[in-house]
Amino acid sequence: MKIHLVHAAVLSLALSIWAQAASGQDAERPALVLDESAWVTFYDLPSRRFRNIRDGFLRRDFEEISRDLEVTIGFLTVEARRSVPELTGVFAENIGRFERVRANLASADVTIADLDNTFAQSHWVLSQHYLVEAIRSRETERHRMAGRYLIATAHHLERAVIWSGSRVTGDVLNSLESIREMASRLADGDNPAEVYRDRPLRLAAKTIATVGEQIDRRLRIELALP
């Protein structure tokens, strides 16, 4: 079953970035967060929980699944509050899917395919969300943070493909590796201008569009990159 997302009206990305920066939401976030007893990268928490949810569903361990779903919903709710208006509707739809799963865990209406598609949708919207955050970070000259967000973009984009059951083409794999390499240079290096000359943000936006065509989703936001 494929997920169909209705194309939203496009607002100016520059205005969205400015509005969020003005609202004070551009503070640095830590690279690592504590997920129970393990430290994980700030963007990796849903990936860990999705694997747990799927495994628990196969075991019919509904108590454990419910806890993982609660953490997942909390994470997505926080990210939705950070997001630009063009993405809030998809976040809300995705959170609603998880809430319905949690309310109907023991029902035969909830299937593995439902879970996989809901996970794919989560990764899909998060890949776009973190690319916007990377652009915001560049605009506010937080280049190391831009690198972290680009790494997160590649992470979620790759997993959107995996959970959707689509095939990753060689071109997409190469693009993801290039994005990661440039993102790491931004996150760890001292010469962001050199990295930006290779246009990592443009490559990320192009790769999102390419993957969107492959997995039958429409972009919720147009990224007007210089």
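Sort 88-95, 206-213, 118-125 by the packing proxy (mean of other Cβ within 10 Å over each peptide's residues), most packed first.
Highest-to-lowest ranking by the protection proxy: 118-125, 88-95, 206-213.
Which length gain, in nm to one decimal place, applies between Asp188 and Glu64 when the Cα-Cα distance is subtracted from 0.36 nm times their residue separation?
40.9 nm
Over 25 Å, how big is the tail of the calculated P(r) for segment 71-175, in percent of all Cα pairs?
Roughly 26 percent, rounded to a whole number.
Carbon-plus-sulfur fraction of the accessible area of segment 61-135, 1.4 Å probe, in percent?
50 percent
Decide, for segment 106-223, between rounded, prolate and oblate: order the square roots of the alpha carbon gyration tensor eigenvalues as a ≥ b ≥ c, take rounded if a/c falls under 1.5, and otherwise choose prolate if a/b is larger than b/c, else oblate.
prolate
How many Å² of accessible area per residue for segment 114-170, probe 1.4 Å?
Ligands and nucleic acids excluded, the result is 27 Å² per residue.
The values are calculated or read from the model by the stated rules, or taken from the named source; none is laboratory data. Predicted, not measured: the structure shown is a model, and the values here were computed from it. No Cβ is skipped: glycine too gets one built from the backbone with ideal geometry, and neighbour counts run over all protein chains shown. Remember, those area values only see protein heavy atoms, side chains included, never the ligands or the DNA or RNA. Shrake-Rupley method; radii C 1.70, N 1.55, O 1.52, S 1.80 Å.
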